[in-house]
Amino acid sequence: MHLSYIAEKFKVILKTTPLFQQELTEFYSHIPRRAISVKFFNPFTGTYKTIQCYRGDRKANMLFDFDGIGKLYDEVDQSLIEL
């Protein structure tokens with residue numbers, strides 16, 4: 001078997017602390033459904049990189065549903081994938 005790299009794409013994953021439903025809705029409302037420009041620190045090269053990316057997979061698992069308080073979600077993940 002021979003491994004050949006064709007291209008390199010970055011995937012940035014946004015993670016949060018546990019959030020209530022209202023905070024979760026606000027978090028997702030700030031991530032547009034169109035291509036966006038993201039600047040991040042690349043630890044492999046030690047430099048900042050700017051990429052054009054789209055909103056990819058997201059993960060939100062509910063922890064509890066408190067009566068009168070609302071739903072609490074565990075750490076939420078949102079992937080931003082380079083175009």
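Given just the C-alpha atoms of the chain, how large is their convex hull per residue in cubic angstrom?
For the chain, the hull spanned by Cα atoms encloses 129 Å³ per residue.
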Toy charge model, Lys and Arg Cβ at +1, Asp and Glu Cβ at -1: the chain dipole around Cα centroid in debye, rounded to 20, equals 480 debye
Label-point separation (nm) for Gln22 and Ser79, each offset 7 Å from Cα along Cα-to-Cβ?
-> 3.2 nm
Per residue value of the accessible surface for the chain (all protein chains in place, 1.4 Å probe), Å² = 80 Å²
For the chain, the percent of accessible surface on carbon and sulfur atoms (probe 1.4 angstrom, ligands and nucleic acids excluded) is 54 percent
The chain: relative contact order in percent, alpha carbon pairs under 8 Å with at least 6 residues between = 40 percent
When the charge dipole of the stretch 1-57 is computed with +1 at the Cβ of Lys and Arg and -1 at the Cβ of Asp and Glu, the Cα pointing farthest to the positive end, of Thr17, Thr45, Ser29, is that of Thr45
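The values are calculated or read from the model by the stated rules, or taken from the named source; none is laboratory data. Not measured: the values here are computed from a predicted model. In this analysis, Cβ positions are derived from the backbone assuming ideal geometry, glycine residues included, and neighbour counts consider all displayed protein chains. To get the accessible areas, we keep the full protein, side chains included, count just its heavy atoms, and leave off ligands, DNA and RNA. Shrake-Rupley method; radii C 1.70, N 1.55, O 1.52, S 1.80 Å.
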